[in-house]
1. Return a yes/no flag: does segment 137-151 have any residue that is assigned to a loop (DSSP other than H, G, I, E, B), under 20 Å from the mean Cα position of the chain (by Cα), touching a residue at least 12 places away in the same chain (Cβ under 8 Å) and surrounded by 15 or more Cβ atoms within 10 Å (Cβ to Cβ).
2. Of the residues Ser26, Ser40, Ser76, which is under 23 Å from Ala160 (Cα atoms) and modelled with pLDDT of 95 or more?
3. So which residues in segment 1-24 are part of a helix (DSSP H, G or I) and under 20 Å from Asp57 (Cβ atoms), if there are any at all?
4. Among the residues that make up segment 144-151, is at least one of them hydrophobic (A, V, I, L, M, F, W, C) and touching a strand residue (DSSP E or B) at 6+ places or on another chain (Cβ under 9 Å)?
5. Only one of Asp93, Asp99 is under 18 Å from the mean Cα position of the chain (by Cα), surrounded by fewer than 18 Cβ atoms within 10 Å (Cβ to Cβ), of a type in the set (Asp, Glu) and not in a strand (DSSP E or B). Can you tell me which?
6. Mind listing just one residue for me: the one in segment 37-54 that is touching a strand residue (DSSP E or B) at 6+ places or on another chain (Cβ under 9 Å) and of a type in the set (Val, Ile, Thr) and, of those, nearest to Lys67 (Cα to Cα)?
7. I'd like to check something: does segment 67-88 contain any residue that is under 23 Å from Ala19 (Cβ atoms), free of Cβ contacts under 8 Å to residues at least 60 places away in the same chain and out of contact with any Lys or Arg (no Cβ under 8 Å at 6 or more places or on another chain)?
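The values are calculated or read from the model by the stated rules, or taken from the named source; none is laboratory data. Predicted, not measured: the structure shown is a model, and the values here were computed from it. Positions of Cβ are generated from backbone atoms using ideal geometry, with glycine treated the same way; all protein chains shown enter the neighbour counts.
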Amino acid sequence: MDRKLVVIPTYNEKENITAICRAVLSLPEIYEILVIDDASPDGTADLVRAMQTEYEDRLHLLCRPGKQGLGTAYLSAFRWALERGYDYVFEMDADFSHDPADLVRLYTKCAEEGADYAVGSRYCKGVNVVNWPMKRVLMSWGASKYVRFVLGIPVHDCTAGFVCYKASVLRGMDLDAIQMKGYGFQIEMKYTAWKLGFVPAEVSVIFRDRTQGKSKMSSSIFGEAFWGVLKLRLRKIK
């Protein structure tokens with residue numbers, strides 16, 4: 001049986017963390033969770049610890065001493081997963097913008113349909129975003145078009161944070177060479193994997209804006225992604 005790990009980075013997600021963990025752990029197939037928490041002052045990690053008594057073999061927690069960025073959180077989690085022999089590693093947000101039921105579709109795309117990594121895509125079949133202000137929808141959709149134009153990658157939603165990677169993809173990449181820390185990290189991971197010859201696929205999903213907690217998006221994060229894409233185009237991937 002494949003070992004599947006869902007990585008959920010958190011910073012001040014006390015309103016969501018218990019519910020999202022229960023939703024993933026109650027799926028018919030067996031998924032494990034690694035919550036990687038950046039010293040949330042709201043007690044997010046304490047809520048996870050309380051749940052571990054109920055799900056001790058399937059719910060894991062990795063605490064870091066401070067807020068260090070989305071990209072470094074995922075890289076730490078990827079290394080953690082590879083050291084422990086997981087076969088598939090998923091990226092997922094804590095705030096229910098990603099439907100836990102779609103984890104099964106991402107896994108199927110890789111395990112049965114031949115993809116090396118599968119992206120839960122908002123834009124491969126129109127625009128599937130609910131409850132976002134139009135300005136943010138246009139910014140996100142435009143960013144995806146910009147990435148495809150500059151990098152040529154055959155993925156419609158390179159900034160998506162809902163992804164399934166085969167462990168072989170993560171092992172085949174130089175994780176130490178990944179540079180971007182914010183949402184540009186998502187672009188860099190997908191582009192690097194593609195340039196190394198791994199096969200991407202997209203699964204159309206509906207993205208719903210969070211109803212609890214606060215978004216971590218900022219203009220500096222967007223700026224890092226914009227300029228980072230240009231640098232990626234010039235970088236030699238190996």
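1. No.
2. The match here is Ser76.
3. Within segment 1-24, Ile17, Thr18, Ile20, Cys21, Arg22, Ala23, Val24 meet the criteria.
4. No: segment 144-151 contains no residue that is hydrophobic (A, V, I, L, M, F, W, C) and touching a strand residue (DSSP E or B) at 6+ places or on another chain (Cβ under 9 Å).
5. Asp99
6. Here the residue is Thr44.
7. Looking through segment 67-88, at least one residue is under 23 Å from Ala19 (Cβ atoms), free of Cβ contacts under 8 Å to residues at least 60 places away in the same chain and out of contact with any Lys or Arg (no Cβ under 8 Å at 6 or more places or on another chain).
Here is a yes/no grid of residues against (1) in a loop (DSSP other than H, G, I, E, B); (2) of a type outside the set (D, E, K, R); (3) on the phi > 0 side of the Ramachandran plot:
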{"position": "Asp157", "(1), (2), (3)": "yes, no, no"}
{"position": "Gly161", "(1), (2), (3)": "yes, yes, no"}
{"position": "Gly182", "(1), (2), (3)": "yes, yes, no"}
{"position": "Glu188", "(1), (2), (3)": "no, no, no"}
{"position": "Tyr191", "(1), (2), (3)": "no, yes, no"}
